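*Asks:* Below is a structure I'd like to ask you about.
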Amino acid sequence: MSPHFPALTPDQKKELADIAQRIVASGKGILAADESVGTMGKRLTQIGLENTDEHRRFYRQLLFTTDPSIKEHIGGIIFFHETMYQKTDGGVPFVKLVKDNGILVGIKVDKGVVPLAGTNGEGTTQGLDGLAERCAQYKKDGADFAKWRCVLKISPNTPSRLSIIENANVLARYATICQQNGLVPIVEPEILPDGDHDLKTCQYITEKVLAATYKALSDHHVYLEGTLLKPNMVTAGHASTTKYTPEQVGMATLTALRRTVPPAVPGITFLSGGQSEEDASIHLNAINKLHLIKPWALTFSYGRALQASVLKAWGGKKENLKAAQDELMRRAKINGQASKGEYKPTGTGAAAGESLFVANHAY
Ligand code: 13P
């Protein structure tokens, strides 16, 4: 084995590390607004709107024109492909609007989950073909980071070894291609909350999946300082009858991360995974309040847990725009506080306590 074939120049490394640090600067996290056309359709249907280009554009405009002070809590926003090229009513490209406010733009680059034949319903994520060219184009068009979501399932015989190894490897291939093109890869091996497993089982599986992921990232020469991890929190399965306290969830999550994620990684940005908005905030707060060494920023990259109250308050009506933006600001601020362990729960918000669980969730 030879160390003489560096993958990145010192300048490339510096750029990637700087981007990653900016996204997870103190008190900041990520707004995941990269729902695919199909997933966005489900959200719009819930509030009685048809899934048209214009409705999706209007909704993203609502999110991105929230008061600019939201940048104190949001370091990055993840876009879906079509959003990269949409504009405000006044003709300002969304990418320019967001970047001019000091928020970095990310782009979902995977092409979705496909079955792994011969397994018990497990999958891998496709999208490597042409990825380098797509990354280069997105970088030119203003993106600075990317997301790729892999999915693993807990049941008595899953995740299988094949699924753990395959998903770790495809995440590593994606990460190295992103870095070659100046994009910070968000590495997302999501373990779904479906099932009735207990907290200990989720912790054990999370540790095995993360350990395999970091082995693959090392094998593929990924520059960890220029990456972010987007894991599930360690929680009991959605159908578990045992309830755990936020402190128990926090300790199980932090223990799994401390055992597996190298300190070179600048930030861990949790997905919300079907938790209610309040639970996602309270759990993030509990993780950050623990008195153990935490060598990375521990923050949020929420989709559902930042948008449920927004969608409810908006209800598809122009006159509710301000109320909907106020909900986004409220959740962003709360999660910013939780990322510092400073959130004092209030329990308010249009959908704050509602479960956002979706069985076998696709993005
Ligand atoms: P949720 O926060 O809704 O789980 O989604 C985050 C995400 O980006 C999943 O890929």
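*Asks:* Given the -39500 (n - 2.57) contribution per DSSP H run of 4+ residues, what per-residue ellipticity at 222 nm results for the chain, rounded to the nearest 500 deg cm²/dmol?
*Replies:* Roughly -13500 deg cm²/dmol at 222 nm, from the helical runs in the chain.
*Asks:* What is the spread of the Cα atoms of the range 102-142 along each of their three principal axes, largest first, in whole Å?
*Replies:* Result, largest extent first: 45, 23, 8 Å.
*Asks:* Two-decimal Rg/Rh of the range 1-140 from alpha-carbon positions, Kirkwood Rh? Could you put the intermediate results ahead of the total?
*Replies:* Values: Rg = 18.0 Å, Rh = 17.5 Å.
Ratio of gyration radius to Kirkwood radius: 1.03.
*Asks:* Please list the radius of gyration and Dmax for the range 206-363, considering alpha-carbon atoms only, with Å as the unit.
*Replies:* Looking at the range 206-363, its Cα Rg and Dmax stand at 16.5, 53 Å.
*Asks:* Using the Kirkwood formula over every pair of different C-alpha atoms, what hydrodynamic radius in Å results for the range 196-242?
*Replies:* Final number for the Kirkwood radius of the range 196-242 is 12.1 Å.
*Asks:* Determine the shape class of the chain: with a ≥ b ≥ c the square roots of the Cα gyration tensor eigenvalues, call it rounded for a/c under 1.5, and otherwise prolate if a/b is greater than b/c, oblate otherwise.
*Replies:* Working: a/c = 1.38, a/b = 1.12, b/c = 1.24.
In terms of gyration-tensor shape, rounded.
*Asks:* Same structure, new question: When 1/r is averaged over all different Cα pairs and the result inverted, which Kirkwood radius in Å belongs to the range 92-197? List each step's numbers first, then the result.
*Replies:* Values: mean 1/r = 0.0669 Å⁻¹.
Kirkwood radius, the range 92-197: 14.9 Å.
*Asks:* Another question, then. The range 19-81: percent of C-alpha pairs farther apart than 20 Å? Display every interim value, and only then the final one.
*Replies:* Working: 699 of 1953 pairs.
Counting pairs separated by more than 20 Å, the tail of P(r) holds 36 percent.
*Asks:* So which GluC sites (Glu not before Pro) in the range 275-346 pass both tests, a DSSP loop state and at most 13 other Cβ atoms within 10 Å of the Cβ?
*Replies:* Values: sites: GLU277, GLU278, GLU319, GLU327, GLU342; in loops: GLU342.
When the GluC sites (Glu not before Pro) of the range 275-346 are filtered for loop state and at most 13 Cβ neighbours within 10 Å, GLU342 remain.
*Asks:* Using DSSP, restrict attention to beta bridges with both residues in the chain and report what percent are antiparallel, rounded to the nearest 5.
*Replies:* Details: 5 of 33 bridges.
The answer is about 15 percent antiparallel.
*Asks:* Now, a different point. Rounded to whole Å, give me the distance from the Cα center of the range 281-318 to that of the range 1-74.
*Replies:* Centre-to-centre distance over Cα atoms comes out at 14 Å.
*Asks:* Over the chain, what is the relative contact order in whole percent, taking alpha-carbon pairs under 8 Å and six or more residues apart?
*Replies:* Values: 748 pairs, mean separation 67.1, N = 363.
Computed value for the chain: 18 percent relative contact order.
Each value in this text was obtained by applying a stated rule to the coordinates, not by laboratory testing. Because the structure is predicted, anything quoted here is derived from the model rather than measured. All Cβ positions, glycine included, derive from the backbone under ideal geometry; neighbour counts span all protein chains shown.
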